[in-house]
1. 7 Å from Cα along Cα→Cβ at both GLN112 and SER125: what's the point-to-point distance in nm?
2. Which entries of LYS36/LYS99; LYS50/LYS95; LYS36/LYS109; LYS32/LYS99 show an alpha-carbon separation above 18 angstrom in the structure shown?
3. Of the peptides 31-37, 157-163, how do they stack up when ordered by the mean number of other Cβ atoms within 10 Å, highest first?
4. Using 1/(1 + (r/R0)^6) with R0 = 41 angstrom and r between the beta carbons of SER176 and GLU82, what's the FRET efficiency to the nearest 0.05?
Amino acid sequence: MKQIFKAVGVMALTAVVAVGFAACSVQPDFGKNSYKVDNVYRVVELDESKTKFIEDYGIEGVALKNNIGIEIEYTCDHFYIENSLFFNSGYQFSKEAIKVIYNCLGVDKYPQIEDEVSYYCTSSSLWTQNRIIQPSVHLTATVKYENGIMPGYVSDVNRYTFNYVDYFANGEAVGSGTFSVLLCLEEPWLSSYEYEKFTSLYNDFD
């Protein structure tokens, strides 16, 4: 009988320890504008004073820049829609983080977010997780341009800047910084943009 009671006591103790570990694994609540990055919790805040509208931003090139006026007929396997989000560093954001960013921007209707997969946009060095895959998307446009003009996806965008602070789970602040994202204000269309001007815009996109 004593052996039975001893076994039951060990089981009870094990259960208490398990519950304790489970409680320790619960993510701390840093508010709705936070998400986890590796072993820290990032709290972000939109800096509205730095929001910038950019017209005809070159999202992605679809052909080499040239000095000839041509009609482009382009078949691809993807496209973008309104409220697609772009950033300038591959794998910088998780799916959770992008949802938080959309929430900060007040955007409740947005394209599907690929789970932990970032796509590189040709010729622009932008990344996105909003690319919509659909084989044989056929696009045509007459693009007359001079040397240095890049044909490709273009959209009016807002560039948003965020400040952030990183915290350990115990609430200790361990770092801070800023980052920016681009939000398409409409569905990107096939057109052209000045490559050097775009490069300048990109260098200012930080």
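Rule-based calculations on the coordinates, nothing more; no lab input. Because the structure is predicted, anything quoted here is derived from the model rather than measured. Note that each Cβ is placed from the backbone with ideal geometry, even for glycine, and that neighbours are counted across all protein chains shown.
1. Spacing of the two 7 Å Cα→Cβ label points: 3.1 nm.
2. Working: LYS36/LYS99 12 Å; LYS50/LYS95 24 Å; LYS36/LYS109 23 Å; LYS32/LYS99 10 Å.
Checking Cα-Cα distances, LYS50/LYS95; LYS36/LYS109 exceed 18 Å.
3. Working: 31-37: 15.4, 157-163: 18.6.
Output ranking for 31-37, 157-163: 157-163, 31-37.
4. Numbers: r = 32 Å, r/R0 = 0.78.
After rounding, the FRET efficiency stands at 0.80.
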